[in-house]
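Have a look at the structure below, then the notes.
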Amino acid sequence: MSEKLDELGDLRRTHYTKDISSDIAGEEIVLAGWVRNWRDLGGLKFVNLQDKYGERQVTIKKGVVSDDVFEKAELGYQDCIILKGTVKAFEKAPGGIEIIPTELRILNKTPEKLPIDMTGESVSALDLRLDHRALDLRSLRNQAIFRIRGEVLRAIREFLFTHDFTEMTTPKIIGSATEGGTELFPIMYFDKEAFLTQSAQLYKEQLSGVYERVFELSPCFRAEKSHTKRHLCEIFVLDIEMAFADMSDVLETLENLIYNVIKRVRENEMESLEFLHMEDKTVLPEIPFPRYKYEEIIELINTKLGIPLEFGEDIPTEAYRKLGEELQGYYYITHWPYEIKPFYIQQSENPKYSESFDLQKGWLELTSGGTRVHNKNKLTQALEDKGLNPEAFKSHLQTFDYGMPPHAGVGLGIARWITILCGLDDIREAVMYPRTPDRLHP
Ligand code: ATP
Ligand code: MG
């Protein structure tokens, strides 16, 4: 650590590792990044230089490179380096390419022993990795996970833009409880109490009366003290709302979106899927997705899975786990009991039920959605029936006076979907800096 470090000086990257191929053999290039792995065989040293796109082998042979470069190449895991060199085709090197350096600058050194494994030979404990997250995110495994996440977000936007959706941005600081929930984080807003939003629900409904089809990808905050592998306190949610539509339109749009996003991930991130051994699991689902009514699912859980449940109960985790063994793909659970749904969800013709749905993948809930109430009197009544004070929703209710169209929508938890697509065991792996009841740093 005490060694003298080099300055970046005038050296600038000319290529990323992905741009290095035998097509440019003989050319002089500048690569920058980190030492993922190295081997010292005496007169011959190999360095795997990693950047955000992958890695390339740098071959440092005594007599071939200058003595300066050879001596300087005393490297450690994750040292930050920049080097100038020539590209050489070499069949035995990974990717059939190696770099012969003519200049090497060590920009930053690491301690001899890193807190977590970065060679890819083992996976350190998740909590330890999260304590050193910025380092951990550089691992090839995390590069694969977050490349897939990036592709998912890009593909979602692209799909929605091509289907006439407008991207909205709604406030995350709110003055009163969105759904009358208790899961809100209070904050100080100057001298007043305010809250972090738990969902974009009310704003997306309002904006469906303006832009007709709207979406948002944004954080929401849930003050739930849940210690599960599927709950976080800060979540990133895809919110969709469609005007002149009901639940059936949303079901169709959502399954098409899921299908198209997976298609894009397979087209553009197959290597990442392969790295995570998901190439045969994250496959194109058949659409339309199977649709089961809540009552059918309860019946299945009661009779086939042997867990007694009554109409009106939420489905407990244990039952979901068993259900996931039975139904492994994507499927909808529709027509939940009206009683357990929020005030903005439309009651079905049979008042026992509601025009609501969840999208499931196996045991895991990915989304909730449904047809909304667009009639102000009905909405006011629903608030009262659910024990909420319409006065507290005055400004929201007002927007229903000015021609609110019938509308329906859905909210999808991005991290939940990433755990499925990447085959992760714990949702904390699917976010860069997870927030849980126990984790507020880094
Ligand atoms: P659950 O019953 O699984 O706790 P929920 O029904 O309370 O979830 P919704 O309010 O329906 O959640 O939120 C919409 C979506 O956001 C969920 O389907 C899920 O994908 C995601 N989500 C909600 N809460 C969390 C959380 N605490 N952590 C991670 N994702 C969440
Ligand atoms: Mg839900």
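The values are calculated or read from the model by the stated rules, or taken from the named source; none is laboratory data. Predicted model, so just to flag it, every value in this text is computed and none were measured. Positions of Cβ are generated from backbone atoms using ideal geometry, with glycine treated the same way; all protein chains shown enter the neighbour counts. The accessibility values were calculated without ligands, DNA or RNA, using every heavy atom of the protein model including side chains. Shrake-Rupley method; radii C 1.70, N 1.55, O 1.52, S 1.80 Å.
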Report task. Whole Å is fine, so just give me how far the alpha carbon centre of region 205-239 lies from that of region 134-175. Result -> 13
Report task. Rounded to the nearest Å, what's the spacing between the alpha carbon centres of region 73-109 and region 289-341? Just the number, please. Result -> 55
Query raised in the report: For the residue pair VAL64 and GLU271, what label-to-label distance in nm results when each label sits 7 Å from Cα along the Cα-to-beta-carbon direction?
Result: 2.3
Report task. Describe numerically, in nm with one decimal, the distance between label points set 7 Å from Cα along Cα→Cβ at VAL30 and at PHE244. Result -> 5.6
Query raised in the report: For helix 376-385, what angle does its Cα long axis make with the longest principal axis of the chain, in degrees from 0 to 90 and rounded to 10?
Result: 90
Query raised in the report: Which peptide among 19-28, 290-299, 185-194 comes first, and what is the full order, when sorted by highest mean count of other Cβ atoms within 10 Å?
Result: 290-299, 19-28, 185-194
Report task. Springs between alpha-carbon atoms under 10 Å, Gaussian network over the chain: tell me which of PRO101, PRO288, PRO351 tops the mean-square fluctuations. Result -> PRO351
Report summary line: For the chain, the percent of all C-alpha pairs falling in each 20 Å bin, from 0 up to the bin holding the max distance, is 21, 46, 25, 8, 0
Requested in this report: Be a star and scan region 384-399 for residues whose amide nitrogen sits under 11 Å from the point 7 Å along the Cα-to-Cβ vector of ILE187.
Outcome: none
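Can you give the translational diffusion coefficient of region 17-108 in µm²/s, computed by Stokes-Einstein from the Kirkwood radius over Cα pairs at 20 °C and 1.002 mPa s? Walk me through the numbers before you get to the answer.
Numbers: Rh = 12.8 Å.
After rounding, the answer is 167 µm²/s.
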Requested in this report: Show me 381-388, 338-345 ranked by packing, highest mean number of other Cβ atoms within 10 Å first.
Outcome: 338-345, 381-388
Query - Full-stretch length increase - LYS322, GLU286 - with 0.36 nm per residue and alpha-carbon distance subtracted - result: 10.7 nm
Requested in this report: Starting from the Cα-Cα distance between VAL210 and GLU252, subtract it from 0.36 nm times their residue separation and give me the gain in nm to one decimal.
Outcome: 12.9 nm
Query raised in the report: 222 nm [θ] for the chain, helices only, -39500 (n - 2.57) per DSSP H run of 4+, per residue, to 500?
Result: -8000 deg cm²/dmol
Query - Of ARG372, ARG12, ARG428, the one that fluctuates the most in a GNM where the chain has Cα springs shorter than 10 Å - result: ARG12
Report summary line: Helix 140-162 sits off the longest principal axis of the Cα atoms of the chain, rounded to the nearest 10 on a 0 to 90 degree scale, by 50
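Please compare each pair in LYS225/LYS394; LYS4/LYS88; LYS225/LYS386; LYS18/LYS361; LYS229/LYS281 to a cut-off of 28 Å on the Cα-Cα distance and tell me which ones are over it.
On the way: LYS225/LYS394 30 Å; LYS4/LYS88 30 Å; LYS225/LYS386 24 Å; LYS18/LYS361 34 Å; LYS229/LYS281 20 Å.
Beyond 28 Å between Cα atoms: LYS225/LYS394; LYS4/LYS88; LYS18/LYS361.
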Query raised in the report: Among residues other than ALA200 whose Cβ falls under 10 Å from its Cβ, what is the net charge (Lys/Arg +1, Asp/Glu -1)?
Result: -2
Requested in this report: Heavy atoms only, probe 1.4 Å: what % of the accessible area of region 214-254 goes to carbon and sulfur, would you let me know?
Outcome: 49
Query raised in the report: Roughly how tilted is helix 317-326, in degrees to the nearest 10 and between 0 and 90, from the longest Cα axis of the chain?
Result: 70
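Around LEU44, under 11 Å between beta carbons, what's the net of Lys plus Arg minus Asp minus Glu among the other residues? Mind showing how you got there, number by number?
Numbers: positive: ARG39, LYS45, LYS61, LYS62; negative: ASP40.
Value of the local net charge: +3.
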Query raised in the report: When Lys and Arg each count +1 and Asp and Glu each count -1, what net charge do the other residues less than 12 Å away from ASP425, Cβ to Cβ, add up to?
Result: +1
Report summary line: Contact order relative to length for the chain, counting C-alpha pairs under 8 Å separated by 6 or more residues, stands in percent at 13
